[in-house]
Amino acid sequence: MKYRCLLFDLDGTLVDSRADITDSLNFTLAEMSRTTLPAETVHGFIGEGVRLLIERALRATQATGPSTNEVESAWQIYQRQYRAHMLDQTRLYPGVAETLEALQAWPKAVVTNKPYEFTADLLEGVGLLKHFAVVLGGNSLPERKPSPLMLLEAARLCEVAPTECLMIGDSWVDIEAGRNAGMPTVGYVGGFRGRAELEAAGANYLIERFDELYGIVKG
């Protein structure tokens, strides 16, 4: 086997969660008596952790940067809203379940900047948790992607050398994290960010359909 371990991003890679993230953020802004944001604007804020998502949203709805208290208040509201709505419209991308089943012989991990508690609940809710030996969220370790820390820890827990792991994601954050960890990378073109960003980030492989991953893994 060419690769011995598979690491996956979550949002934009395994699941299309944009609608639920957008709604939860806009419910948060409305509860704070702020203007809600267009979906396209929110989509551009996703990928580097929920705190940064919230900071960007608050900055977009006021003339000055948000205070620490404003960010903390929004974070508390967002957690409640997202717990209530994370599975309203979130769906697996086509071919994800079938491909993970076909690759069941490979140890797999989820490495996402989404907080761990949301990650575990979402994976359970969409029926994917059983596929992953390791799940690491944005608050599992001191650093988030594009730091390599989560990827290296996932490789260690799966007992596979980083160079024998394959990192699969949909954004520059995932590709840079993989490169920083010394791992080959796969960019999922059908995710949140699209082909141009993944090409610019230097992904080793690009896939348009999830089932293309099987051929890459088998070499």
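Is at least one residue of segment 37-59 of a type in the set (Ser, Thr, Tyr), in contact with a Leu (Cβ under 9 Å, 6 or more places away or on another chain) and outside the structural domain of GLU176 (by TED's automatic domain parsing)? So far as segment 37-59 goes, no, none of its residues is of a type in the set (Ser, Thr, Tyr), in contact with a Leu (Cβ under 9 Å, 6 or more places away or on another chain) and outside the structural domain of GLU176 (by TED's automatic domain parsing).
With respect to the conditions (1) assigned to a helix (DSSP H, G or I); (2) farther than 18 Å from THR99 by Cβ; (3) of a type in the set (D, E, K, R), GLU159 lacks only one, and its number is (1).
Out of segment 141-167, which residues are among the hydroxyl-bearing types (Ser, Thr, Tyr) and under 15 Å from ASP9 (Cβ atoms)?
Start the filter on segment 141-167 by keeping residues that are among the hydroxyl-bearing types (Ser, Thr, Tyr), which leaves 147, 163.
Of everything in segment 141-167, just one residue is among the hydroxyl-bearing types (Ser, Thr, Tyr) and under 15 Å from ASP9 (Cβ atoms), namely SER147.
Look at GLU40 and say whether it is in a helix (DSSP H, G or I), more than 19 Å from GLY125 (Cβ to Cβ) and acidic (Asp, Glu). Yes; evaluated as a whole, the condition is true for this residue.
So in segment 63-102, with the set limited to residues that are in a loop (DSSP other than H, G, I, E, B) and loosely packed, with under 13 Cβ neighbours inside 10 Å, which one is modelled with the highest pLDDT?
Applying the filter and picking the extreme gives ASP88.
Only one entry of ALA105, ALA60 meets the criterion of being farther than 22 Å from PHE192 by Cβ and of a type in the set (A, V, I, L, M), and that entry is ALA105. In this structure, is THR185 at pLDDT 95 or above, more than 18 Å from PRO115 (Cα to Cα), among the polar types (S, T, N, Q) and touching a Leu at 6+ places or on another chain (Cβ under 8 Å)? So THR185 fits the description; yes. Just so you know, in segment 183-212 the residues that are touching a residue at least 60 places away in the same chain (Cβ under 8 Å), under 16 Å from the mean Cα position of the chain (by Cα) and within 18 Å of LEU100 (Cβ to Cβ) include one that is surrounded by the most Cβ atoms within 10 Å (Cβ to Cβ), and it is TYR188.
Quick check, is ALA109 under 20 Å from GLY12 (Cα atoms) and within 18 Å of the chain's Cα centre (by Cα)? I'd like the intermediate steps shown before the answer.
Details: under 20 Å from GLY12 (Cα atoms): yes; within 18 Å of the chain's Cα centre (by Cα): yes.
So ALA109 fits the description; yes.
When ALA120 is tested against (1) in a helix (DSSP H, G or I); (2) surrounded by fewer than 15 Cβ atoms within 10 Å (Cβ to Cβ); (3) in the same structural domain as PRO142 (by TED's automatic domain parsing), just one condition goes unmet, and that condition is (2).
The values are calculated or read from the model by the stated rules, or taken from the named source; none is laboratory data. This one's a predicted model, so the numbers in the text were calculated from it and none came from an experiment. Methodologically, a virtual Cβ is constructed for each residue, glycine included, from the backbone with ideal geometry; neighbour enumeration extends over all protein chains shown.
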